[in-house]
Amino acid sequence: MDSQIPLVTEVYRKKRDLMLEAMEASFPEEAEWNRPRGGLFLWAKMPEHVNTTEMIGEAIERGVAYIPGSNFFTGPVHNFMRLNYSLPTEEDIVEGIRILGGLLKEKV
C-alpha cells in the first residue's frame, strides 16, 4: 500500500493541475478558486448574483455536475461550487470545465 501512495498522489496532482488550467482558460474572469495542496476537490466562488444551487439543473442538462457550495454552509451562501477531479478522466475534466465555464459566463 505504501508504495502506491506516491503513484496515486501524482495522478491526482496531474488531474488537479489540468482542472486548474482548464478553469483559467474557460471560467469567467470574475470567478475565483483555490489551489488545493491536497485532497480531491477544488472550490470555486462566483459573483454574488450567480446562484450555483439554482444553476445545477442547467449544468446537468449540459452533461456536467458539481456540488453547490450551499450544501456545506450553514448560512445563505449560494455562489460557491465544489468540483471533484479524482473520478473524471483527463479528457472529461477539460470538456466538463469548458461546458461549465460557458454556463458560468452566461450567468455572470
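The values are calculated or read from the model by the stated rules, or taken from the named source; none is laboratory data. Note that the structure is a prediction, hence the values are computed from the model and not measured. Don't worry about glycine lacking a Cβ; one is built from the backbone with ideal geometry, like all the others, and counts go over all protein chains shown.
Each row is one residue, and each column tells you yes or no for (1) in contact with an Asp or Glu (Cβ under 8 Å, 6 or more places away or on another chain); (2) within 10 Å of residue 19 (Cα to Cα); (3) at pLDDT 95 or above; (4) in a helix (DSSP H, G or I).
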position: 65; (1), (2), (3), (4): no, no, yes, no
position: 70; (1), (2), (3), (4): no, no, no, yes
position: 75; (1), (2), (3), (4): no, no, no, no
position: 82; (1), (2), (3), (4): no, no, yes, no
position: 93; (1), (2), (3), (4): no, yes, yes, yes
position: 97; (1), (2), (3), (4): no, yes, yes, yes
position: 100; (1), (2), (3), (4): no, no, yes, yes
position: 105; (1), (2), (3), (4): no, no, yes, yes
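Summed over region 50-71, the residues that are without any contact (Cβ under 8 Å) to a residue 24 or more places away in the chain and more than 15 Å from the chain's Cα centre (by Cα) give a count of 2.
Here 77, 94, 108, 64 are screened, and the one residue that is surrounded by 12 or more Cβ atoms within 10 Å (Cβ to Cβ) and within 23 Å of residue 10 (Cα to Cα) is 94. State whether one or more residues within region 42-52 are modelled with pLDDT of 95 or more and under 27 Å from residue 5 (Cβ atoms). Yes.
For residue 90, the conditions (1) closer than 16 Å to residue 40 by Cβ; (2) under 12 Å from the mean Cα position of the chain (by Cα) are fulfilled apart from (2).
Would you be able to tell me the number of residues in region 49-61 that are part of a loop (DSSP other than H, G, I, E, B) and surrounded by fewer than 13 Cβ atoms within 10 Å (Cβ to Cβ)? Don't jump to the end; show me each part of the working.
Of the residues in region 49-61, the ones part of a loop (DSSP other than H, G, I, E, B) are 49-51.
From what is left, the residues that are surrounded by fewer than 13 Cβ atoms within 10 Å (Cβ to Cβ) are 49.
The number of residues fulfilling the criteria is 1.
Conditions tested, residue by residue: (1) touching a residue at least 12 places away in the same chain (Cβ under 8 Å); (2) crowded, with 17+ Cβ neighbours inside 10 Å.
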site	(1), (2)
15	yes, yes
19	yes, yes
26	yes, yes
31	yes, yes
34	no, no
38	no, no
44	yes, yes
47	yes, no
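Of all residues in region 1-33, those satisfying the criterion of being in a loop (DSSP other than H, G, I, E, B) and either among the charged types (D, E, K, R) or at pLDDT 95 or above (or both) are 2, 27, 28, 29, 30, 31.
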